[in-house]
Amino acid sequence: MSRSLLCTLLVCAAGAVQAQPGPILIGEVAPLTGPAATVGTRLNKASKMWADDINAKGGINGRKIELVTCNDEARPEKAVACVRDMQEKGAVMVFGNSLTASLRAMQPLVKQGPLLLIPSPNVVPPADSYAFQVSPSDLHLTEAIAKYMKESGLNKIGMVAATDASGEVGVESAKKVFGDQKMELRLARIDLRATDASTQLANVAGQDIKLVYSSYTGAGAVTVVKSFKILGLPQPLMVSYGNMSEAFVSLIKDVAPPRLLGTSVIALVPEHLSNAGERERAQAFLDAYAKRYSEKPDMINLLGKAEVDVAEAVLRKVPNPADAAAAKKFLESTPVESIQNQRFSPTNHVGLDASSVMIVELKDGNWIKAQPIR
Amino acid sequence: MNLLTQAVISGLMIGAVYAFLGIGLVLVYRTARILNLAHGESFAITGVAAAMLAKSGLPLGAALALAILIAVAFALSLHRFVLRPRAEWPAGTLILITLGAAFVVRGMLILVGGTDPVSFPALFSGAPLRIAGGVIPPQGIALVLLGFGGSTAVAVYLEMTRSGKQLLAAAENPYAAELLGVNVERARLTAYGIGALLGALAGALLIPLIAVDFQSGLAMTLRGFIAAAISGMSPIGVVFSGLGLGLFESWVGAYLGALYQDPVMFGLLIAVALWQSRHIRFGGTRRA
């Protein structure tokens, strides 16, 4: 009698275990070490924060998030191995939190899914793919610079761009946008190992040039700012998107030129978002991030937030998120609420555009909306 | 602004870095017969440590002194505790060990300092010097003077003094050198120490003009290696190859564009290597 009762209990327990839904596997490819670690670790912090928050609230539809992060060191061959591994493990989607070369290498692997979400502005995914970009593209950023130049009555710009893949994207965008708008582009390239940018700046910052743009990110961007200061150039200097961080500001605060400008999503200065929902979400994220990590969130963290918002929308609203075709169709037809709402379509897999970009200026250690150059 | 003058100034500053790092590599190679691929780590350690110590409130001078001490201690420990006990191992294996040590330092720097670039204020501040349409900051002047001055002093010491020649003899024939009373172990330890000190000084002088992060070490080793290889591992030669490379790199960047820098620089390195090896037959023997 007691044996049959025990058997019944065991069968019931086994049934209960079977009914427990497994976690949702999300893959993340990010350079946690190597030359781009500063990008990878920032995006990873936003992903981790999201996964922990979801899991603390009991998961999505009763399923916890299992975030598996693979360190590609920004090396394309490692990124490919990471994606293959995640596909074998059954990842529902992959966060492509690496740099241009890695992202380009990853894209062919997801031709049949899963979804690949990309926060980099440098890789524009084709609309027939399963890749979606949650950032404005580099072309959009350059369009925003051109618009700012028009507002300032300028038609010439000096530009310093790195010799790597990201620099190449920046140069292509600049040639297209400034060329289309009949603006003069004076360009100098700088090697990634450069210890001085004075000759590049001497090349592009003539007296007739009223704005200099450096598309460089990281330690190289600091070299450009310091050389700019040493040369005593009077023009405003604009730095790129990836430099809108506390780390960058703390490095250049004592050597900043008279006006230091930057390209940014508007959410970095949430009070300038006209949509109340976006403003609220952006501010909530900035506060939560600062509380969790005891550091000021930056542009890259914000893009990480946009990425996890898109992921969460898919996980919550697509009945079977593992069905990549259904997830793709959902994203192409449904705007996603985020710090700046993402709008994809069957012909466009870039969620933001030039109108989501703002030219900002560093004032007293904070980024504010930049006034035109007078 | 005059582009040519600025290119010369920039070239002198870049050349000083090449010379600073190249002479350290040559010194260790000519004394211990090892190409120390962790040589540039003394630059990175000095930069990250000085930035962190200065940020913690230590006066800049003290922070730099302590950081340089840590960098030199690392190089001495690498020799004393890692390479010396394996002195009989093949040279190729020892070189790989130094590469491994460089990666260990990278990891340590990430753990201690994080992945973001860091910097610290210039030791020599003040208004930049404007000369013939070019601009150089006081820290840049110090870099040029100490870079070429320091590397020339080491080269002269090695080539023209008795104790310098003893250092070189320790590598040419360590057993004969010992029989003649040269303390080979001390000579090698001295070489690692001076080499690291030069790398650390390069960091102390250059980093305020740029920024440094955990991965800067190997890039600096590569710079030193190019200068050292072009000079044929010659102590005097590396000062001139450093100067030439700096000016060449700057002019290529200014007049041809940075995209041409790597092909031109490495093309030059290959051409020099072929020229230097013109007497070597296949199999290693020398042509008459």
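The values are calculated or read from the model by the stated rules, or taken from the named source; none is laboratory data. Bear in mind the structure is a predicted one, so any value in this text is a computation, not a measurement. Methodologically, a virtual Cβ is constructed for each residue, glycine included, from the backbone with ideal geometry; neighbour enumeration extends over all protein chains shown. Heads up: the accessible areas ignore ligands, DNA and RNA and are worked out on the full protein's heavy atoms, side chains in. Shrake-Rupley method; radii C 1.70, N 1.55, O 1.52, S 1.80 Å.
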Gain on full stretching of the segment that runs from residue B:4 to residue B:160 - 0.36 nm per residue minus C-alpha separation:
52.5 nm
For segment A:248-262 and segment B:155-211, what is the centre-to-centre distance using only Cα atoms, to the nearest Å?
41
Estimated distance in nm for a label pair at residue A:320 and residue B:256, the labels positioned 7 Å out from Cα along Cα-to-Cβ
5.9
Helix axis angle, A:324-333 relative to chain A longest principal axis, alpha carbon, degrees:
50
Over segment A:33-141, what is the percentage of antiparallel beta bridges among all DSSP beta bridges, to the nearest 5?
10
Antiparallel bridge percentage (DSSP; both residues within chain A; nearest 5):
25
Work out how much length residue B:145 to residue B:266 would gain on full extension: take 0.36 nm times their residue separation and subtract the Cα-Cα distance, in nm to one decimal.
40.9 nm
Could you check the spin-label model distance between residue A:291 and residue A:361? Points 7 Å from the Cα along Cα→Cβ, value in nm.
3.4
Of all alpha-carbon pairs in chain B, indicate the percentage at a distance above 32 angstrom.
26
When Cβ neighbours within 10 Å are restricted to other protein chains, what is their mean count per residue of peptide A:241-250?
2
The rounded separation in angstrom of the Cα centers of segment A:153-179 and segment A:83-104 is 29
Which is farthest toward the positive dipole end of the protein assembly as shown among B:95, A:338, A:326, measuring Cα position about the Cα centre, with Cβ charges +1 (Lys, Arg) and -1 (Asp, Glu)?
B:95
Ballpark to the nearest 100 Å², how much total accessible area do B and A bury together, probe 1.4 Å?
2700
Name the residue, out of B:164, B:140, B:61, whose mean-square fluctuation peaks in a Gaussian network model built on chain B with Cα pairs under 10 Å.
B:61
Spin-label point model (7 Å from Cα, Cβ direction): what's the residue B:55 to residue A:274 distance in nm?
4.0
PRE zone check, label point 7 Å out along Cα-to-Cβ of residue A:57, amide N under 12 Å, scope segment A:285-327, hits A:309, A:312-313, A:316
Going down the table (A:156/B:55; A:176/A:291; A:89/A:296; A:78/A:156; A:45/A:226; A:147/A:291), which pairs top 32 Å between alpha carbons?
A:156/B:55; A:176/A:291; A:89/A:296; A:78/A:156; A:147/A:291
Measuring from centroid to centroid over Cα atoms, what is the spacing of segment B:1-44 and segment A:53-70 in Å?
51
Taking r as the C-beta separation of residue B:124 and residue B:153 and R0 as 25 Å, the FRET efficiency to the nearest 0.05 is 0.80
Computed E for residue B:99/residue A:347 - FRET, C-beta separation, R0 41 angstrom, nearest 0.05
0.25
Can you compute 3J(HN,Hα) from phi for each residue in segment B:15-20, using the Karplus curve 6.51 cos²θ - 1.76 cosθ + 1.60 with θ = phi - 60°, rounded to whole Hz and x for Gly and Pro?
x, 4, 5, 4, 5, 4
Furthest towards positive pole of dipole, B:214, B:156, B:44, structure part segment B:3-276, Cβ charges:
B:156
Gaussian network model of chain A, Cα springs within a sub-10 Å range: biggest mean-square fluctuation belongs to which of A:353, A:287, A:254?
A:254
Antiparallel versus total DSSP beta bridges in the protein assembly as shown: what percent is that, nearest 5?
35
Out of the total accessible area of segment B:3-276 (probe 1.4 Å, heavy atoms of protein only), what percent is carbon and sulfur?
72
Do you know which residues of segment A:178-200 lose at least 40 square angstrom of accessible area in the protein assembly compared with their chain on its own, with a 1.4 angstrom probe?
A:189, A:191, A:193, A:195, A:196, A:199
Counting only other chains, what is the mean number of Cβ atoms within 10 angstrom of the Cβ of each residue in peptide B:110-116?
5
Could you state the per residue volume, in Å³, of the convex hull enclosing the Cα atoms of segment A:220-360?
138
Using unit Cβ charges (K, R positive; D, E negative) and no other charged atoms, how large, in debye to the nearest 20, is the dipole of chain A about its Cα centre?
180
Förster radius 56 Å - calculated FRET efficiency between residue B:89 and residue A:155 (Cβ-Cβ, nearest 0.05)
0.30
Only Cα pairs within less than 10 Å get springs; with that Gaussian network setup on chain A, which residue of A:23, A:119, A:31 has the largest fluctuation?
A:23
Packing rank of B:195-201, B:111-117, B:146-152, B:93-99, where each peptide gets the mean count of other beta carbons within 10 Å, highest leading
B:195-201, B:146-152, B:111-117, B:93-99
Would you mind giving the mean number of other chain beta-carbons within 10 Å of the Cβ of each residue in A:153-165, as a whole number?
1
